[in-house]
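**Student:** Below is one structure. I have some questions about it.
Taken together, the values in this text are just the output of simple stated rules run on the coordinates, not laboratory data. It should be emphasised that the depicted structure is a prediction, and the values quoted were computed from it without experimental measurement. Because the Cβ atoms are built from the backbone with ideal geometry, glycine has one as well, and the counts that use them run over all protein chains shown.
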Amino acid sequence: MRSVGTLTRADLAETINRKLGLSRAESLDMVEAILEKMCGALAKGENVKISGFGSFVLRDKNERIGRNPKTGVEVPITPRRVLTFRASQLLKDRIAKG
């Protein structure tokens, strides 16, 4: 598995700056607004779907019994909400091509 680098908010803002001609501040504000909208929707329990990219899906997990692997002691794991990402077929195809 190769690791080339990390895409950051600044990288996204720079791309918006170059492609749309917005100022750096406006570009960064746009990125922040998009992320804030996504976070707000997820916080309200809504899933976020970006066509051609993928879906951020919330799942509620019930309480269950886990085991400490070191000691073998059973421990209750509290119910919680988890966030998963499912890539779209289009994204999977683009990644597979490299």
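**Student:** Go through segment 38-64 and report how many residues are closer than 27 Å to Leu90 by Cβ, basic (Lys, Arg) and surrounded by 11 or more Cβ atoms within 10 Å (Cβ to Cβ).
**Tutor:** Selection size over segment 38-64: 1.
**Student:** Right, another one. Within segment 65-86, count every residue that is surrounded by 10 or more Cβ atoms within 10 Å (Cβ to Cβ), out of contact with any Lys or Arg (no Cβ under 8 Å at 6 or more places or on another chain) and more than 24 Å from Lys49 (Cα to Cα).
**Tutor:** Within segment 65-86, residues that are surrounded by 10 or more Cβ atoms within 10 Å (Cβ to Cβ), out of contact with any Lys or Arg (no Cβ under 8 Å at 6 or more places or on another chain) and more than 24 Å from Lys49 (Cα to Cα) number 2.
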